[in-house]
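In what follows, a single structure is set out as structure tokens and then discussed.
Only the coordinates and a few stated rules stand behind these numbers; no lab work does. Small disclaimer: the values here were computed from a predicted structure and weren't measured. When we count neighbours, we look across all protein chains shown, and the Cβ atoms used for this are built from the backbone with ideal geometry, even at glycine.
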Amino acid sequence: RVALVPQVLNLDATVVTASRRIEKLRDAPVAVALVGQREIRQSGASDLATVLSEQAGLPLEGGTPSGVGVMLQGLDARRVLILVDGQPIVGRINGMLDLSRLPIANVARIEVVKGPQSTLYGSDAMGGVINLITREPAPGGMGGGLAVTGGTQARLDFSGTALGALGPVAWTADAGRRTVSLVPGQDGDLATLSQRWDGAGRARWRVDSSLTLESSVQLLNEDQRWRAGPVFFFADRQQAIGRLGATWQRGRTRSQTTLAYTMFDHLARRGLERRPSTPDGEKIRQRLLVGETFLSRPLGRTMLDGGVQLRHETAESPRVPGGMQVRSTAEPYAQATIGGDGWSLVPGLRLTADRVWGTHFTPRVAAMWRPSAPLALRLSAGRGFRAPDFNEQFIEFFHADFGYRIRGNPALRPELSDNVSGSVELAGTRLYVRADLFANRFHDFIESRVIADTSNVTFFTYDNVGRGFARGVDLEAVLRLGLVRVDAGWGALRAWDAATHLPLLGRPRANARLGVSAGTPGGLTGSITGVWTGRTPVAVDVNQELAERTGFLR
């Protein structure tokens, strides 16, 4: 007789974000939080922000018009890199990429790596990386499905999926429409509306046993409306994400070349009616072209990984001189995985060269030791950075109504953070427990400062003046009892400014999550999840008195 016992967490699941190559979750040199299909389905969510809001240790932030972002290890959404199939995308407003705009109908899993990942992924990966892995085409027959979700706040979502194969080419296609009377950071009323259309397709051609060609495209269209007093505000956004790739693999040697392109258009308007009265408004256009070659090759018991990433980014805005700015960077990187039975040591380094702010080195070293099959210890130390964006460097903006002017600073240096993280993981047949500890020291953070105040006009600019610390712990546990599964998480964070010793605003001091799901032998499942967000500092008055938002439960 053979008894099959379900594992609470499948450590044989594969991930790609930790090392930029396929590896087992149990072998990843740094801790990876994996949100799989089960969690995505049970959330009932249609966008990335809603899925992440149900995870412990991932507090959300934001509001109109920027959208919703996520904080990692005490660093805000401007310092968290969002990837789609391993490639960066543009679409940030005021430094934040709206996660509620990204659909998850075609997402197979979400990988979250906390701590600086700039060695492998470059700028913006100071707090960590969130990687959306889309559904892979698979050879086989035709299939598909439709889903309709309705709810309060006039929520009505439609999504459709189709998959199949045309000879040696396997493909998937998705389309959807999402409507809700809410926008990030605004109370819903009859004037509030978000409408989003999205479509995605992915195709894979297995040329032979070694060579695979792949392409994917994702299209997004978003229309938002909200009201402040008698004035209606409108935001129209279009985004396209495309990728071409070729992978050659023989044995453990793997070479991959990728060309990725992202475009983002944002149109902001206002008026006194529910529909915009003019097609004109403030337009922002962002473009990003990334070409990358990556090679992974074994050398004895050592795995060598390395590549070169070339980036060309443009931004068009009436707020920058000449209406357009261009940035190009060349970024070689490499790491080595030195390992034996139950242990690995992974040093890595990235070099980023930019014609405006110069050359920058980003090192990292990670280690994993598994003294026994269920127990794993991980430790990593590294540096993250964020390059100044186009607004911080070049903006020229005058707000006559409020009497202030903002001027960019081309001499800005990249923001830096130094991090040490450790984790202890115990994975049994019924119980899984993990504890993550981290400490961040950041400096040269870019903040606004007053440079002059004359003729009732205040002049602001940006400078590298911010310094601070963030320390915390995240605990996670999963228990399976037959067909019942219990998920629990708890986290604590202390983040403060080095100059004032005051807490950094918007960071919850603690958070917790508890979820219970149960199933029947026939396949019917149900779940209930509660997420508690603790007291959060939100403002400091002129007397340096701190105002806090009380904790709340969802």
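Step through the residues of region 485-501 one at a time and calculate ³J(HN,Hα) from phi using the Karplus curve (6.51 cos²θ - 1.76 cosθ + 1.60, θ = phi - 60°), rounding each to whole Hz and writing x for Gly and Pro.
Result, rounded to whole Hz: 10, 10, 10, 9, x, 8, x, 10, 9, 10, 10, 8, 7, 5, 7, 9, 6.
Please work out the C-alpha center-to-center distance from region 118-151 to region 192-244 and express it in whole Å.
Result: 12 Å between the Cα centres.
Determine how many Å³ per residue the convex hull of the Cα atoms of region 19-139 encloses. Could the numbers behind the result be given before it?
Values: hull volume 13.8 nm³, N = 121.
Normalising the Cα hull of region 19-139 by residue number yields 114 Å³.
With the contact rule set at Cα under 8 Å and sequence spacing of 6 or more, what percent relative contact order holds for region 395-538?
Working: 331 pairs, mean separation 24.4, N = 144.
Answer for region 395-538 is 17 percent.
What does the charge add up to near residue 217, with Lys and Arg as +1, Asp and Glu as -1, over the other residues with Cβ less than 9 Å from its Cβ? Write out the running numbers ahead of the final one.
Working: positive: 202, 243; negative: none.
Summing Lys/Arg as +1 and Asp/Glu as -1 gives +2.
Could you pull out the trypsin sites (Lys or Arg not before Pro) across region 313-409 that fall in loop regions by DSSP (anything but H, G, I, E, B) with no more than 14 other Cβ atoms inside 10 Å?
Details: sites: 319, 327, 350, 355, 364, 378, 383, 386, 405, 407; in loops: 319, 355.
Passing sites in region 313-409 are 355.
What does the net charge come to around residue 330 if you take all other residues with beta carbon closer than 14 Å to its beta carbon, with K and R at +1 and D and E at -1? Write out the running numbers ahead of the final one.
Working: positive: 311, 327, 350, 355; negative: 292, 313, 331, 354.
Local charge sum for residue 330: 0.
If Lys and Arg each add +1 and Asp and Glu each add -1, what is the summed charge of the other residues whose beta carbon sits under 13 Å from the beta carbon of residue 456? Display every interim value, and only then the final one.
Values: positive: 405; negative: 401, 453.
Overall, the nearby charge balance is -1.
Give the range of the longest stretch in the chain that excludes all GluC sites (Glu not before Pro) found in loop regions by DSSP and having at most 12 other beta-carbon atoms within 10 Å.
Numbers: sites that count: 273, 545.
Longest site-free region, per DSSP loop and neighbour criteria: 1-272.
Between residue 481 and residue 535, what length comes free when the chain is fully extended (0.36 nm per residue of separation minus the Cα-Cα distance, one decimal in nm)? Please list the in-between numbers first.
On the way: separation 54, 0.36 × 54 = 19.44 nm, distance 3.33 nm.
My answer for the length gained is 16.1 nm.
Among 503, 201, 88, whose Cα projects farthest towards the positive end of the dipole of the chain, with charges put on the beta-carbon of Lys, Arg (+1) and Asp, Glu (-1)?
Of 503, 201, 88, it is 201.
Taking the Cα centre of each part, how many Å lie between region 84-117 and region 450-520?
Computed from Cα coordinates, the inter-centre distance equals 18 Å.
Among 52, 158, 346, whose Cα sits farthest toward the positive end of the charge dipole of the chain (+1 at Cβ of Lys/Arg, -1 at Cβ of Asp/Glu, about the Cα centre)?
346
Pick out, from 271, 281, 245, the residue whose Cα sits farthest towards the positive end of the charge dipole of region 236-285, with +1 on the Cβ of Lys and Arg and -1 on the Cβ of Asp and Glu.
Towards the positive end, the residue furthest out is 245.
Suppose we take every Cα in region 199-289 and form the convex hull; what volume per residue is that in Å³? Intermediate results must be reported in sequence, preceding the final value.
Details: hull volume 9.8 nm³, N = 91.
Dividing the Cα hull volume of region 199-289 by its residues yields 107 Å³.
Need one number: convex hull volume per residue for region 103-173, Cα atoms only, in Å³. Could you put the intermediate results ahead of the total?
Working: hull volume 9.6 nm³, N = 71.
Per-residue hull volume (Cα only) is 135 Å³.
Percent relative contact order of the chain, based on C-alpha pairs within less than 8 angstrom and at least six residues apart? Show your work: numbers first, answer last.
Working: 1530 pairs, mean separation 55.7, N = 554.
It comes to 10 percent, rounded to a whole number.
How much FRET efficiency would the formula 1/(1 + (r/R0)^6) give for residue 497 and residue 473, where r is the Cβ-Cβ distance and R0 is 22 Å, rounded to 0.05?
Values: r = 21 Å, r/R0 = 0.95.
It comes out at approximately 0.60.
Computed from the mean reciprocal separation of all distinct C-alpha pairs, what Kirkwood hydrodynamic radius does the chain have, in Å?
Averaging 1/r across every pair of different Cα atoms and inverting gives 24.9 Å.
What are the residues whose amide H is under 5 Å from the amide H of residue 124, where those residues sit 5 or more places off or on another chain and H is modelled from the backbone?
So residue 124 has HN proximity to 385, 386, 387.
Need one number for region 476-554: average projected area of the convex hull over its C-alpha atoms, nm².
Numbers: hull surface 25.1 nm².
Over all viewing directions, region 476-554 projects a mean Cα-hull area of 6.3 nm².
How are the C-alpha pair distances of region 396-529 spread across 5 Å bins, as whole percents from the shortest bin up?
Taking all Cα pairs of region 396-529, the binned fractions are 2, 8, 12, 12, 11, 10, 10, 8, 7, 7, 5, 4, 2, 1, 0, 0 percent.
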